[in-house]
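Nothing in this text is a laboratory measurement; each read-out follows from the coordinates by a stated rule. Computed from a predicted model, the values in this text were never measured in an experiment. Cβ placement follows ideal geometry from the backbone for every residue including glycine, while neighbour counts extend to all protein chains displayed.
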Amino acid sequence: MIPYENLKKLNQPFEAAFTSRFNEFLNSGWYILGKEVAAFEKAFAQWHNTPYVVGVANGLDALVLSLKACNFPENAEVIVPSNTYIASILAIMQAGLIPVLAEPNLDTYNISPKAIEQCITPNTKAIMVVHLYGKCCEMEAIETICQQHQLKLIEDCAQSHGATCNGRLAGTFGDFAAFSFYPTKNLGALGDAGAIICKTEADYLALKQLRNYGSSKKYHNEVVGYNSRLDEIQAAFLSIKLPYLNDINNHKRAIAHLYNTKLDRSKFVLPDISDTATYFDVYHIYNIRTTKRDELKAYLLNNNIQTEIHYPVAPHQQNALKHLFKDQQFPIAETIHQTTLSLPCSFAHTFEEIEKVIEVMNAFEG
C-alpha cells in the first residue's frame, strides 16, 4: 500500500533529536512558555526576516487572535475565499465578524482579486487570503486593493510554509499571518501548534496578551484574552525541523515535478504552473481535478494507493454554515470541491512510489 501520508516515517529522521530534546524539556521543570517557545519564535521570525512572531496553540487560534488584535467593530465584514477549509471561516465567526465569500480563480484555486473587489462594501474591514495547497495568492494585486480601500490584510498560511510570490515569502505581506503546524503540514509538529507573524510591536504585545488570558503580568488581566499558548515541547520539535524545511519543500516539489511532467493531461487537470517566474509553490497538497473523481479514488485504492479529498464539501454547503449563505451561489467553489483529489506527496514518499502512482493513474479509463 502506498499511503497518502505516513507520519511515523516522515518523522523518523528527527527521532533521535526529538528524544534528546524531550529529555531536556522533561528535566527542565519548565513546561509552559519557556525557552523553547522563545527560541522557536526567534528562529521562525529570522527564517521570514521579520521581527515579530507569537506562538499559539493551533492555526485556528492564530487566525482568531489575529482578527481580535485588529479591534474591528462587531459585525464587520471580512472577505475570504469560498473554497477554503472551514477553519478560515470559523475564525471570522469566532472573532464576532461576518464572513463574506469571494470566488477563487479556477486555475489556481486561490481567491480572485476581481471577485474580492466585487464583494467590498462599506462594512468591509479586512481581506483574509488563503494560500491554498502551497501556492501564494496574487498578492501584489491584493495588496493594492487593501491600500485603495484601507483594509487590513490577513494571510492564512496554514498550507504555504516557504511558498513565495515574486520572491517574497508567504506570511510577509499581511498585517498578520497565521500559521498551522498540524502534523501533516510541510513544517509539522507532533500535535497541534500555530504561530502568528505581525509587523508592529504594538500588535506583537497585543497578541502576547491575547494568547495568555489577556495578561502581560501574572494575575493582572488588561483585556479579555484566551488560553492559546504554543506548547513548549511542540516548539522544541519545530525548532529541530525548521532547518530542514527547505529540504522538505524541495522533496515535495520534486514529487510534483514528476506528476506535472508524466501524468496524462488529457485525463486530469493538473496544478497551474504557468508562471514559475512569479510563484514558488511548495505543494503541501498536490491536487488534480477530474469529473470522475470518486471513480478514480476507488480505482486507486483498489490498486493499493491512498488519496484524500481536500475538501469534499464546499463551506457554504456545510450544515454549520449553510444558513449564512442560503441565498448565495458559488459555482466555482462547488466545481472545485466536486472534482478535486489529492495525491500522495509527502517528505516520506519515495520517487519510486510516485512513479507507481503515475503508472496506475495513466492506465485509468474511468
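Remarks
- Residues whose amide H falls under 5 Å from that of D192, counting only those 5 or more places apart or on a different chain, are absent, with hydrogens built in the peptide plane.
- Amide proton proximity set for V100, modelled H, under 5 Å, gap of 5+: V78, I79, V80
- Spatial separation of Cα centroids for the range 271-318 and the range 130-164, in angstrom: 21 Å
- Neighbour cut-off at most 16 other Cβ (10 Å), DSSP loop, GluC sites (Glu not before Pro), the range 204-300: E222
- Cysteines without a disulfide-compatible neighbour (Cβ-Cβ under 4.7 Å), the chain: C70, C119, C137, C146, C157, C198, C345
- Placing a label point 7 Å from the Cα of A141 along the Cα-to-Cβ direction, the residues of the range 240-277 with a backbone N closer than 17 Å are 272-277.
- Subset of K42/K68; K9/K297; K241/K297; K42/K152; K35/K252; K267/K356 violating a 20 Å alpha-carbon distance limit: K42/K68; K9/K297; K241/K297; K42/K152; K35/K252
- GNM remark for the chain: springs join alpha carbons under 10 Å apart, and the peak mean-square fluctuation among G194, G171, G225 falls on G225.
- Note, ³J(HN,Hα) from phi for the range 345-357, Karplus 6.51, -1.76, 1.60, rounded to Hz, x at Gly and Pro: 7, 10, 4, 8, 7, 8, 5, 5, 5, 5, 4, 5, 4
- Model label sites at A363 and K35, defined 7 Å from Cα along the beta-carbon direction, differ in position by 5.6 nm.
- Packing-based ranking, highest mean first, of 59-68, 144-153 given that Cβ atoms within 10 Å are counted: 59-68, 144-153
- Listed residue (S28, N319, T144) projecting farthest to the positive dipole end of the chain, Cβ model: S28
- Residues with amide H under 5 Å from that of I2, placed H, sequence gap 5 or more: I305, Q306
- The value of relative contact order for the chain, using C-alpha pairs under 8 Å at least six residues apart, is 22 percent.
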